[in-house]
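Structure first, then comments.
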Amino acid sequence: MKRFKNLLQKELKELVTKQLIISLAFTVLIFNMVGQVSKKEIQKAIGIQTISALDQDGSAGSQALLKSLESARFKIIDQSGKNKDEALAAAKAGDSKLLLVIPAGFGDSLAELRPSEIETYSFMRSFSLIGARGQVVVQSVISALNEALSNNFLAEKLPGIDPAGLKRPIKSRDFVVVRDRTAEGSANMIAGMLSQQSMLIPIVLMMIVIYSSQMVISAVAMEKQNKTLETLLTVPIKRTSIITAKMFAAGFVGLISAGVYMFAFKGFIGGIGDEAASAGAKAGGAALMAKLGLTFDTTGYIILGISLFLAILVALAMAMILGVLAEDFRSAQTMIMPMMFMVMIPYFISLFADINTVSLPVKILIMAIPFSHPFLVSQNIYLGNYGMIAAGLGYMLVVFVILVIYAARIFSTDKILTMKLRFGKKKTQTV
Amino acid sequence: MSNVLTVRGLHKSYGTHTAVAGIDFEVQAGEVFALIGPNGAGKTTTLRIVATLLTSSAGEIVFLDRDHKKEPDFVREKISYLPEEAGAYKDMKGMDYLRFMAGFYARTDSEEKEFVERAAAITELGDRLKTKVGTYSKGMTRKLLLARALMTRPVLAILDEPTSGLDVLNALDVREIVRRYVKEGTSVLLSSHNMLEIEFLSDRVGLIDKGRILDTGTPAELKTKHNAKNLEEVFRSSLR
């Protein structure tokens, strides 16, 4: 135990360097700063926006449109008295997001219920989505006005008939059924909320896998590069202890680093997500999810935690073997690529397809990748597929044990010194 | 004199390439036994097998009356190995490196302290031990590594080309350190292709070429047997 502690201390000291601490602190700072800047921009976009309006009509109808826009939190700069080109130039020179041109005859057309055209000119000073938000709001105001005008017309022409019923004679009430529970709501909304919730799992997994694996691979590769591996292998410490110390140190530092990055990422996302999402929609969705039993209890979180933990162990064991193949620190950096693909493949497939309905060969491929299983855990918990969960956990455990045995075998035999992956040659060679 | 190490019929192959083709030798207690030969002769492979880094393809090694292959953990407790191209952790200070390595062998804190003090004395690096290894010259690093190998007073020190790449003065220092420690009871198995150095340093010599031992004996015996002035001439004669 004393020898293991001695080696573990050295591994931790090697990994926790000033550079790492500075880089983590810098990341938190940068992400938070970007988050805050984004938050301010979103607040600006959601808050009062300045638009210019050229009302060439001056009718009650055009005035009603402008008043509606004012009540939708727009500050309107009146460009009346100018022609269109002058109004465009004036609006462009100022800080207006958009110029709204209401042509002459707009009010008359409305009164006669003929289609009326208005023009909007959006000034794209940047290409961010938030920058184009002004036009979206104007369109929704116009759409609300259209609705009100057509309702008024229908109520006038066909008294006693509900205009809404006339325009949409078929109404649907949507219900979602999950296992034995039914609730009124949209399946789209549920899918959206679930994917939003489970988005965090692949990001967390990817971060931890990449950080920890990179540290293990580098730890082994650096021993080779610094010519310290041979000496370490002849000191009286069990080879399995060398593997465990390296994996433990890298796993620990990887977890801490990933945690810090997640904290920074949360600061960044928090700046954007919370402001953009409507609180009402969130509450409604949460109530619907609760009704359908799509919530995580303590057991659910424990299962998810075990699944993530096993995935990390698999990654560490895999990284240990890849580290042996690397000849130096530089080649160690390329060794991380296969692991990144193994995490990204199930992530992207789960984004665009239902893993349960893909073709059998693709399904086998996905299931064979150990990192797929943490992605599937949350939906399997919701759907009560505990057999699938157990099989996934069991599979990861088996893969981990096999990899550790193989890693221990490499460390206990000549392979630790002779095994190299030679890029550009056909196969792994033992020299 | 009793044998610390006995090697019989040692073979090592990598696929179709044979690195060691059945060699026999022994290292007696308190002696320096040197394997000398050209590059690629099989010296390093032999030393790596004895140091438990590689496993033999065939043959038998007995270390302190125990089966070397079956009890590698026991062997590692009693030996120390200095590879030809060894390095130390560059971000560690010299003293921290010695402390780290002593931590694997010492059973108590006082024993660890004793090992580190001994190593510090061997290196003669003084205050430079408080600086990072990455700032050391090649000679300083080699002395640090040699001190690490000898600080525990191992039963057998395995030194692969101990003076390789060193200037004359550093090489002389290293040789003197090795000789001093043999007097204190450590046996040494070393390799070199510098035959003049071996003549000065070793009690007995094994001439090795193409994985085979050509001849074994004290430098004086070999010179007489081959009617040669030095070991270089002995080696040339034994190749014929």
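When we screen A:I30, A:I48, A:I102 for residues that are closer than 14 Å to A:Y121 by Cα and either assigned by TED's automatic domain parsing to the domain that holds A:L255 or of a type in the set (A, V, I, L, M) (or both), the only hit is A:I102.
Check region A:370-384 and report whether any residue there is surrounded by fewer than 18 Cβ atoms within 10 Å (Cβ to Cβ) and over 23 Å from A:P338 (Cα atoms). The answer is yes, given that some residue of region A:370-384 is surrounded by fewer than 18 Cβ atoms within 10 Å (Cβ to Cβ) and over 23 Å from A:P338 (Cα atoms). Only residues that are over 11 Å from B:L35 (Cα atoms) and outside any strand (DSSP E or B) were counted across region B:183-202, and they come to 9. In region A:158-248, counting only helices (runs of 4 or more DSSP H) that sit wholly within it, the ones holding 2 or more residues that are out of contact with any strand residue (DSSP E or B) (no Cβ under 7 Å at 6 or more places or on another chain), among the hydrophobic types (A, V, I, L, M, F, W, C) and more than 14 Å from chain B (Cβ to nearest Cβ) span A:163-167, A:187-198, A:200-225.
Here's a check for you: in region B:103-123, which residue that is part of a helix (DSSP H, G or I) and facing chain A (nearest Cβ under 9 Å) is nearest to B:R180 (Cα to Cα)? Checked region B:103-123; the qualifying residue nearest to B:R180 (Cα to Cα) is B:Y105.
Scanning region B:200-223 for residues that are within 30 Å of B:R99 (Cβ to Cβ) and either open to solvent by 50 Å² or more (accessible area, probe 1.4 Å) or in contact (Cβ under 8 Å) with a residue 60 or more places away in the chain (or both) turns up at least one hit. Candidates A:Q19, A:Q43, A:Q36: the one that is within 14 Å of chain B (Cβ to nearest Cβ) and either part of a loop (DSSP other than H, G, I, E, B) or modelled with pLDDT under 85 (or both) is A:Q19. For region B:129-146, filtering for residues that are open to solvent by less than 10 Å² (accessible area, probe 1.4 Å), more than 13 Å from chain A (Cβ to nearest Cβ) and within 21 Å of B:E114 (Cα to Cα) leaves 1. When B:G94 is tested against the conditions (1) under 17 Å from the mean Cα position of the chain (by Cα); (2) open to solvent by less than 10 Å² (accessible area, probe 1.4 Å); (3) more than 12 Å from every other protein chain (Cβ to nearest Cβ); (4) at pLDDT 90 or above, the lone failure is (1). Here are some residues: B:V174, B:V234, B:V178, B:V205. Which one is in a helix (DSSP H, G or I), within 13 Å of B:A34 (Cα to Cα) and among the aliphatic types (A, V, I, L, M)? Selected residue: B:V178, the only one of B:V174, B:V234, B:V178, B:V205 that is in a helix (DSSP H, G or I), within 13 Å of B:A34 (Cα to Cα) and among the aliphatic types (A, V, I, L, M).
Got a number for residues in region A:159-185 being more than 27 Å from A:A148 (Cβ to Cβ) and surrounded by fewer than 10 Cβ atoms within 10 Å (Cβ to Cβ)? Residues meeting the conditions: 1.
When A:I201, A:I190, A:I217, A:I210 are screened for being assigned by TED's automatic domain parsing to the domain that holds A:M247, out of contact with any Lys or Arg (no Cβ under 8 Å at 6 or more places or on another chain) and open to solvent by 30 Å² or more (accessible area, probe 1.4 Å), only A:I210 passes.
For (1) part of a helix (DSSP H, G or I); (2) over 30 Å from A:D297 (Cβ atoms); (3) open to solvent by less than 60 Å² (accessible area, probe 1.4 Å), each residue gets a yes or a no:
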| site | (1), (2), (3) |
| --- | --- |
| A:S331 | yes, yes, yes |
| A:M339 | yes, yes, yes |
| A:V343 | yes, no, yes |
| A:T357 | no, no, no |
| A:I364 | yes, yes, no |
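Residue pairs whose Cβ atoms lie under 8 Å apart, sitting 6 or more positions apart in sequence or on different chains, and linking a residue in region B:77-96 that is among the acidic types (D, E) to a partner that is in a loop (DSSP other than H, G, I, E, B), are B:E77/A:P236; B:E84/B:E161; B:E84/B:S164; B:E85/A:K227; B:D91/A:T17.
The single condition among (1) touching a residue at least 24 places away in the same chain (Cβ under 8 Å); (2) more than 13 Å from A:I102 (Cα to Cα); (3) among the aliphatic types (A, V, I, L, M) that A:A64 does not meet is (2). Scanning region B:93-123 for residues that are over 13 Å from B:R148 (Cβ atoms) and of a type in the set (S, T, N, Q) yields a total of 2. With the structure loaded, tell me whether B:G165 is open to solvent by 30 Å² or more (accessible area, probe 1.4 Å) and within 22 Å of A:N226 (Cβ to Cβ) or whether it fails that test. It is true that B:G165 is open to solvent by 30 Å² or more (accessible area, probe 1.4 Å) and within 22 Å of A:N226 (Cβ to Cβ).
Can we say A:I30 is in contact (Cβ under 8 Å) with a residue 60 or more places away in the chain and either closer than 30 Å to A:F252 by Cβ or outside any helix (DSSP H, G or I) (or both)?
Here the answer is yes, as A:I30 does meet what is asked.
The values are calculated or read from the model by the stated rules, or taken from the named source; none is laboratory data. Note that the structure is a prediction, hence the values are computed from the model and not measured. Methodologically, a virtual Cβ is constructed for each residue, glycine included, from the backbone with ideal geometry; neighbour enumeration extends over all protein chains shown. In case anyone asks, the SASA skips ligands and DNA or RNA and just uses the protein heavy atoms, side chains included. Shrake-Rupley method; radii C 1.70, N 1.55, O 1.52, S 1.80 Å.
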